[in-house]
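The values are calculated or read from the model by the stated rules, or taken from the named source; none is laboratory data. Keep in mind that this is a model prediction, so the values were computed, not measured. We place every Cβ from the backbone using ideal geometry, glycine too, and count neighbours over all the protein chains shown.
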Amino acid sequence: MSTEDKRKNVSNRLMKARAIALRTQGRTYLQIGEELNVNRNTVTTWMASREVKDILAAAQQRLKNLVEASVDVYAESLANSKKDMTNAQKAATAVLKNYGLLKEQVDMNHNFPKPMVILPPPGSSEPILVLGTTEDIKKEGIE
């Protein structure tokens with residue numbers, strides 16, 4: 001094999017490695033092709049190879065193991081509150097957020113159901129309120 005062929009082979013392997021890295025980041029084949037300045041069909045061919053499929057499967061398994069380990073960090077923190085696990089918790093939080101299993105913030109906008117009102121029994125003038133106010137009764141037109 002000539003020096004030029006060796007150089008092309010190394011360059012091709014580096015491009016594939018970069019394509020794999022971009023794919024593990026969630027990029028589409030079209031985006032990968034644009035970034036690497038190759039045709040989308042070339043990226044498709046690379047990704048269809050057994051070598052690349054094995055690498056991606058191994059990366060997915062490693063991510064799954066990181067998620068399990070991150071959950072274990074929180075379990076250990078809860079079980080052993082005297083042990084300082086601040087750095088481990090930060091790392092675990094980052095993994096869980098990136099995997100989409102932990103949200104940055106909690107949505108505090110609640111939609112409560114309409115107030116429940118019990119109408120007065122016959123002969124009584126005031127309704128009995130379970131939830132809500134007399135203003136709620138007026139809004140609903142119940143009087």
Scanning for something more than 21 Å from SER11 (Cα to Cα), outside the structural domain of SER11 (by TED's automatic domain parsing), of a type in the set (Gly, Ala, Ser) and surrounded by fewer than 16 Cβ atoms within 10 Å (Cβ to Cβ), does segment 84-99 turn up at least one residue?
-> yes
Would it be correct to say that ARG23 is touching a helix residue (DSSP H, G or I) at 6+ places or on another chain (Cβ under 9 Å) and not in a helix (DSSP H, G or I)?
-> no
Candidate set from segment 63-103 (those that are free of Cβ contacts under 8 Å to residues at least 12 places away in the same chain and part of a loop (DSSP other than H, G, I, E, B)); member that is nearest to the chain's Cα centre (by Cα) = GLY100
